[in-house]
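The values are calculated or read from the model by the stated rules, or taken from the named source; none is laboratory data. If you're wondering where the values come from, they're calculated on a predicted model, not measured in any experiment. All Cβ positions, glycine included, derive from the backbone under ideal geometry; neighbour counts span all protein chains shown.
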Amino acid sequence: MSKVAPLQSMVTEIEEEDIGNIWFQQDGATCHTADATLDVLRPVFENRIISRRADVVWPPRSCDLTPLDYYLWGAVKDKCYADKPETIDALKDNIREAIGEIQLHTVDNVLKNWTDRVGYCMASRGSHLNEIIFHH
């Protein structure tokens, strides 16, 4: 089996979902920026790939700025895998349920925290944020 076969499978599922003009974001790991990987992603996402060696470059050593990185995954992953789903559909159901349980006040707090993070980054003008402790 090819190393990019799982990626091709994911891309096929995304195309079948018809989810519009979504962006694909990945970090700078070597396997993520390999020509074979980008060759699979570019026909689907065109110039909407955030990655090293893509049209929109992933900032090196960037802190987790998006709510998906610093909040959502951590908030839902334990719930999603608690009953050890055996199918993609079961996993999708668990994800939907876990996200549906997130309260509106929590979303408000996460978005305020995101605004604060962006402000800290702008104020630091690209330098390290070692003295900042992010909360959500």
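Taking helices (runs of 4 or more DSSP H) as the structural unit, those lying wholly within segment 35-125 and holding at least 1 residues that are within 22 Å of residue 10 (Cβ to Cβ) and of a type in the set (Asp, Glu) correspond to 35-45, 88-100. Candidates 96, 42, 117: the one that is of a type in the set (Lys, Arg) and either touching a Pro at 6+ places or on another chain (Cβ under 7 Å) or modelled with pLDDT under 85 (or both) is 117.
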